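Student: Below are the structure tokens for one structure; questions will follow.
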Amino acid sequence: MAAKITSSSFNVLASLLTLLLCISTDVQLSLADTTSKTYTNYLQTACNSTTYPQLCFNSLSSYTSTIKTNDLKLCRTALTVTLKAARNTSSLVKALSKQKGLSKTEADIIKDCIEVIGDSIDELNQSLKALGSLKGSDIEFQIANIKTWISAAITDEDTCTEGFEERNITDEVMIKIRKSIVNVTRLTSNALALINILSY
């Protein structure tokens, strides 16, 4: 004969189920929180090896769930962020080059910058593609090539900022361009530092 479930025993059962669900949810939230802290700590430690650690952390912290604790994903993400910043800077410089009232000196500096930023974008793009297809027995050689391209990108970016420093530019438009390029140079430098600690 089947036992009848009284309303009081039903209430006890419901309360137990609710309690178990709450405990399960708390454990899941706690695990998620711990995982998130692990990813953040990993990024912080990696960024401390770069020349501009705060910029490194700020530019990559929104990607911790993608990077996790994977060195290769960290390097790819750093290069992707750098490439995006370089493309944005290129667009900014091209837009500002069309402004009226630029002196011949300023126009020449901007023209040079457009050219070298274009070279830098090509080199960063080449590096990112190579990083995404590392395989075979000569991975160290492939990484060495990537480092060479990123170093060349930094040289190109520096060439642009040197044009500003040599001519002591004070114009607001030019200062805006220089600031944007300096940011890209620092991101590129950080990406190179992260690739330098990549081990295979």
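The values are calculated or read from the model by the stated rules, or taken from the named source; none is laboratory data. Not measured: the values here are computed from a predicted model. Note: ideal-geometry Cβ built from the backbone for every residue, glycine included; neighbour counts use all protein chains shown. Note: accessible area is taken over every heavy atom of the protein model, side chains too, but ligands, DNA and RNA are not part of it. Shrake-Rupley method; radii C 1.70, N 1.55, O 1.52, S 1.80 Å.
Student: Place a +1 charge on the Cβ of each Lys and Arg in region 71-146 and a -1 charge on the Cβ of each Asp and Glu, then give the dipole magnitude about the Cα centre in debye, rounded to the nearest 20.
Tutor: It comes to approximately 480 debye.
Student: Quick check for region 107-200: number of Lys pairs with alpha-carbon distance under 29 Å, counting only pairs 8 or more apart or on different chains?
Tutor: 9
Student: I'd like the per residue volume of the convex hull spanned by the Cα atoms of region 82-175, given in cubic angstrom.
Tutor: On the way: hull volume 7.3 nm³, N = 94.
Looking at region 82-175, the number lands at 78 Å³ per residue.
Student: Can you quote the Å³ per residue value for the convex hull of the Cα atoms in region 64-105, rounded to an integer?
Tutor: 79 Å³
Student: Counting pairs of alpha carbon atoms under 8 Å apart in space and at least six apart in sequence, what relative contact order in percent does region 41-130 give? Don't skip to the answer; put the middle values down first.
Tutor: Values: 46 pairs, mean separation 23.1, N = 90.
Dividing the mean separation by the residue count of region 41-130 yields 26 percent.
Student: Another question, then. In square angstrom, what is the accessible area per residue of region 37-159 with a 1.4 angstrom probe?
Tutor: Per residue, region 37-159 has 53 Å² of solvent-accessible surface.
Student: Straight-line reach from Lys37: which lysines have Cα under 26 Å away, leaving out those fewer than 8 places along the same chain?
Tutor: Lys68, Lys73
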